[in-house]
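Engineer: The following block contains the structure, expressed as structure tokens.
The values are calculated or read from the model by the stated rules, or taken from the named source; none is laboratory data. The model shown is predicted, which means the values in this text are computed figures rather than measured ones. Cβ placement follows ideal geometry from the backbone for every residue including glycine, while neighbour counts extend to all protein chains displayed. Only protein heavy atoms, including side chains, enter the accessible area calculation; ligands, DNA and RNA are left aside. Shrake-Rupley method; radii C 1.70, N 1.55, O 1.52, S 1.80 Å.
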Amino acid sequence: MIVMQEFEVYPDPEGGYAVEPCGLAGATEGDTYEEAVEMAVDWLRVHALAALERGAEFEGGGLGHAPSNGGTIVTVATSVELSDIPAVTAAEAAEMLGVSTARVAQLCRDGSLSSWRVGNTRMVSRDSIEYRIAAKPGAGRPCKAAAEA
């Protein structure tokens, strides 16, 4: 999938260049104009991959913007695919998490792990696994009061 987004690139009062996506929240920066544009492409790629991982389309800020900070508008594009997201199979995820594959399937269904299918194989995002490991959820079922909160 190819995604496009306009960015405004303008001199940063502290040096370098600031980069803001038109019509969207966020920003990035670069030391040179060229580096700032490269950072815009990186910003777009990260956000487009995050949308793909959630199973959503990247909602860009549209086209045809005028500068609002005295800079220039640049349009950047990048190609992203699910295969660009670092992922492992559900069985590998289960091994990494120390749980059964049935538990991985449950975590995928409830949104605790980001996953998608490639043919008959369920792929699980490495980032969601690492987030789950870092969160250190306790063993066993949550207490009823916590589940209702």
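Engineer: Can you tell me how many residues in region 1-18 are open to solvent by 50 Å² or more (accessible area, probe 1.4 Å) and hydrophobic (A, V, I, L, M, F, W, C)?
Structural biologist: The qualifying residues number 3.
Engineer: Give region 45-66 a look and list any residue that's under 25 Å from ARG126 (Cα atoms), open to solvent by 60 Å² or more (accessible area, probe 1.4 Å) and either in a helix (DSSP H, G or I) or modelled with pLDDT of 95 or more (or both), or say none.
Structural biologist: Hits for region 45-66 are ARG45, VAL46, HIS47.
Engineer: Suppose we filter region 19-41 for residues that are surrounded by fewer than 15 Cβ atoms within 10 Å (Cβ to Cβ) and under 27 Å from TRP116 (Cβ atoms); how many remain?
Structural biologist: 2
Engineer: Something else now. Report, by residue number, each residue of region 36-57 that is under 8 Å from the mean Cα position of the chain (by Cα), of a type in the set (A, V, I, L, M) and within 21 Å of GLU8 (Cβ to Cβ).
Structural biologist: Within region 36-57, VAL46, ALA48 qualify.
Engineer: Moving to a separate point now. Under 8 Å between Cβ atoms, at least 6 apart or on separate chains: pull out the pairs that start in region 109-125 with a residue that is within 19 Å of GLU81 (Cβ to Cβ) and end on any residue that is open to solvent by 50 Å² or more (accessible area, probe 1.4 Å) and part of a strand (DSSP E or B).
Structural biologist: Matching pairs, first to second residue: SER115/ARG122; TRP116/ARG122; MET123/ARG117.
Engineer: Let me ask something else. Take the residues in region 67-87 that are within 22 Å of the chain's Cα centre (by Cα) and surrounded by fewer than 17 Cβ atoms within 10 Å (Cβ to Cβ); name whichever of them is nearest to LEU24 (Cα to Cα).
Structural biologist: Of everything passing the filter in region 67-87, THR75 is nearest to LEU24 (Cα to Cα).
Engineer: For region 88-121, which positions are surrounded by 15 or more Cβ atoms within 10 Å (Cβ to Cβ), hydrophobic (A, V, I, L, M, F, W, C) and in a helix (DSSP H, G or I)?
Structural biologist: ALA90, ALA93, ALA94, MET96, LEU97, VAL104, ALA105, LEU107, CYS108
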